[in-house]
Amino acid sequence: MQDATYWAEALRKKTISFGELVAQIKEKVEKENPALNALVAIDYQAAQAEYEKRAATENLSDSLFAGLPVPLKILGQAKKGWQDSGGSRLFADAVSSESNHFVKQMESLGIVPMGQTNAPEFGFKNITDPELFGPTRNPWDQARYPGGSSGGAAAAVASGMFPLAGSSDGGGSIRIPASFSGLIGLKPTRGTMPVGPDGWRGWQGASINFALTVSMRDTAAFFYGMRGTENAAPYQAPRNEWQHDQNQKLQLQRPLKIAFTTVSPVGSAVSAEAVAAVHQAVSFLTATGHQVTEIKYPLDGDRIIRSYYQMNGAETAAMFDNIQAGLQRPVSKNEVELMTWGIWQYGRKLPAAGYVNSLAVWDQAAAEMSRLHETYDLFLTPTTAQVAPRLDQELVSQKIVEELAVMDQKTTEAGAELIYRMFEKSLALSPFTQLANLTGQPAISLPTHVTKAGLPLGIQFMAQKGREDLLLAIGRSFEAAGLFRLPTAWQ
């Protein structure tokens, strides 16, 4: 299987037609998707019709991706006339009235959206198991999840159905499935990707759209093609590195100073394999001339994650205020999943002052990380502390489920503790990813390790805001050295 750049060039040179490429994709989807449940909607004829319509009015051959079919995430990547459920039963029949700016920019690069990938309800989980569509399975081991919330996208790429898939990241939702599924997962700097015409702030800038990929050249091409400035956007990325020559940016100009740790920011266990993945990376980096230093985790991880949950609760409460206003009726408990209900009811009771203070924690964390990057170019950790969880692994106990059902009767303080306990086992799987969402920094998961049991684990690099060039270049150095451990479909 070849990457997106290869197929775009084949379409450009007409060595393959759009119809022939779609036929290849259809064959793979029909073979893989029934077991994996990665795609929840796909219409080959509609994609063919859209390609032909666009080819008649625009020169797709001159565009970056030249008509490449790419699936969109069912959550946050709205296309006019397509289902817009957000993975929720509440919106099972909802249809987008217009395409959002991210999807429009994808189309301006010559991408033809084709199909929608599975996601957990409203993206609250690091696994993908919505009641609306059912669980998505991992191509490496179908008894496991591919991660979340971009789990459907990860499975679609890891299985070889597509070389690139739209995804998004609000607390690790690109990087976690990249780690669990052996893919490249970049979360760009806050303010670099198109937003609007609704959802301008995206969890106060913590959530951002991008893609899951299998090559650094695809990652760079998509990043530089999608990156831009919108005057109306509330967050603007610093222009520390604001050029569009991705070939240059895939080359390191000097040795880097890199800090690393393998200690969980919340004190949870980190598997020996995740530690080994980082130490292998450190050995490679040192051997290639970089200065690598082990440090203590630079922030109070517990304080940060609690501020993250406060934001999540408040944003969910605001979301449901808008949902009920749009529906012109109350939403009942049985119309949403219990986790969603619990987060919503917790958020309803949060005081405004507490919410503002939680965002102040983010700003303080961003300042501390900025100081760290005055000394170090990159910060290296495991992406996830453990391998992908099994579908039968208990992540929320029955006792917590029972308490969630009466969240509306709890005090704010009791609700906060219940939310923390609800996420505790999930957080232990992936405690390293949330920081970059809160600080707005770019971060990338690289597929460099496979465990003795044959399961992938990623390593994560974070950089100063606006320095995706360093992440792309360090990723390319691992790739060029043959250190990527991609899924079987891409070997």
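The values are calculated or read from the model by the stated rules, or taken from the named source; none is laboratory data. The model shown is predicted, which means the values in this text are computed figures rather than measured ones. Cβ placement follows ideal geometry from the backbone for every residue including glycine, while neighbour counts extend to all protein chains displayed. Accessible surface areas use protein heavy atoms only, side chains included; no ligands, DNA or RNA. Shrake-Rupley method; radii C 1.70, N 1.55, O 1.52, S 1.80 Å.
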Name, by its number, the condition in (1) touching a Pro at 6+ places or on another chain (Cβ under 7 Å); (2) assigned to a helix (DSSP H, G or I) that does not hold for Thr189. (2)
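Answer yes or no: is there a residue in segment 47-55 that is among the aromatic types (Phe, Trp, Tyr) and in a loop (DSSP other than H, G, I, E, B).
Checking segment 47-55: not a single residue is among the aromatic types (Phe, Trp, Tyr) and in a loop (DSSP other than H, G, I, E, B).
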Mind checking which residues of segment 211-237 are part of a loop (DSSP other than H, G, I, E, B) and either surrounded by fewer than 17 Cβ atoms within 10 Å (Cβ to Cβ) or not basic (Lys, Arg) (or both)? Val214, Ser215, Gly228, Thr229, Glu230, Asn231, Ala232, Ala233, Pro234, Tyr235, Gln236, Ala237
Got at least one residue in segment 92-103 being farther than 20 Å from Trp200 by Cα and of a type in the set (Phe, Trp, Tyr)? no
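Every residue in segment 381-395 that is under 13 Å from Pro146 (Cα atoms), among the hydrophobic types (A, V, I, L, M, F, W, C) and open to solvent by 10 Å² or more (accessible area, probe 1.4 Å), please.
The first filter runs over segment 381-395 and keeps only residues under 13 Å from Pro146 (Cα atoms), leaving 384, 386-391.
This time we only want the ones that are among the hydrophobic types (A, V, I, L, M, F, W, C), so: 387-388, 391.
Val387, Leu391, listed by residue number.
Among the residues of segment 382-423, how many are in a helix (DSSP H, G or I) and in contact (Cβ under 8 Å) with a residue 12 or more places away in the chain?
Just the residues of segment 382-423 that are in a helix (DSSP H, G or I), to begin with: 398-404, 407-409, 412-423.
Narrowing further to those that are in contact (Cβ under 8 Å) with a residue 12 or more places away in the chain: 400-401, 403-404, 407-408, 412, 415-416, 418-423.
Matching residues across segment 382-423 total 15.
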Restricted to segment 42-80, and to residues that are within 30 Å of Phe133 (Cα to Cα) and among the basic types (Lys, Arg), which residue is farthest from the chain's Cα centre (by Cα)? Lys80
Can you tell me which residue in segment 164-199 is nearest to the chain's Cα centre (by Cα), limited to those that are at pLDDT 95 or above and charged (D, E, K, R)? Asp169
Of the conditions (1) more than 19 Å from the chain's Cα centre (by Cα); (2) closer than 25 Å to Leu486 by Cβ; (3) crowded, with 19+ Cβ neighbours inside 10 Å, Ala276 clears all except one; give me its number. (3)
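Going by the structure shown, is Ala78 at pLDDT 95 or above, touching a strand residue (DSSP E or B) at 6+ places or on another chain (Cβ under 8 Å) and over 27 Å from Glu20 (Cβ atoms)? I'd like the intermediate steps shown before the answer.
On the way: at pLDDT 95 or above: yes; touching a strand residue (DSSP E or B) at 6+ places or on another chain (Cβ under 8 Å): no; over 27 Å from Glu20 (Cβ atoms): yes.
For Ala78, the condition - at pLDDT 95 or above, touching a strand residue (DSSP E or B) at 6+ places or on another chain (Cβ under 8 Å) and over 27 Å from Glu20 (Cβ atoms) - is not met.
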Turns out the helices (runs of 4 or more DSSP H) fully within segment 282-380 with at least 3 residues that are open to solvent by 30 Å² or more (accessible area, probe 1.4 Å) and at pLDDT 95 or above are 301-327, 352-375
The conditions are (1) outside any helix (DSSP H, G or I); (2) open to solvent by less than 20 Å² (accessible area, probe 1.4 Å), and Ala453 fails exactly one of them. Which is it? (2)
Of all residues making up segment 424-448, the number that are in a helix (DSSP H, G or I) and under 19 Å from Ser149 (Cβ atoms): 11
If I ask for residues that are in contact with a Leu (Cβ under 6 Å, 6 or more places away or on another chain) and among the small types (Gly, Ala, Ser), which ones from segment 405-457 would you list? Ser426
Which condition from (1) within 23 Å of Leu427 (Cα to Cα); (2) free of Cβ contacts under 8 Å to residues at least 40 places away in the same chain is the one that Pro330 breaks? (1)
Just give me the residues in segment 76-102 being touching a residue at least 40 places away in the same chain (Cβ under 8 Å) and within 20 Å of Ala233 (Cβ to Cβ), in sequence order. Gly76, Gln77, Glu98, Asn100, His101, Phe102
Being in contact with a His (Cβ under 9 Å, 6 or more places away or on another chain) and surrounded by fewer than 19 Cβ atoms within 10 Å (Cβ to Cβ) is true for just one of Arg485, Arg467. Which residue is that? Arg485
Return the residues of segment 254-273 that are buried (at least 18 other Cβ atoms within 10 Å of the Cβ) and more than 20 Å from Ser430 (Cα to Cα); say none if nothing qualifies. Leu256, Ile258
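For segment 62-181, list the helices (runs of 4 or more DSSP H) that sit wholly inside it and hold at least 3 residues that are under 28 Å from Tyr224 (Cα atoms) and open to solvent by 10 Å² or more (accessible area, probe 1.4 Å); which are they? Before the answer, list the steps.
Working: elements: 101-108, 151-158, 175-181.
The helices (runs of 4 or more DSSP H) meeting that bar are 101-108.
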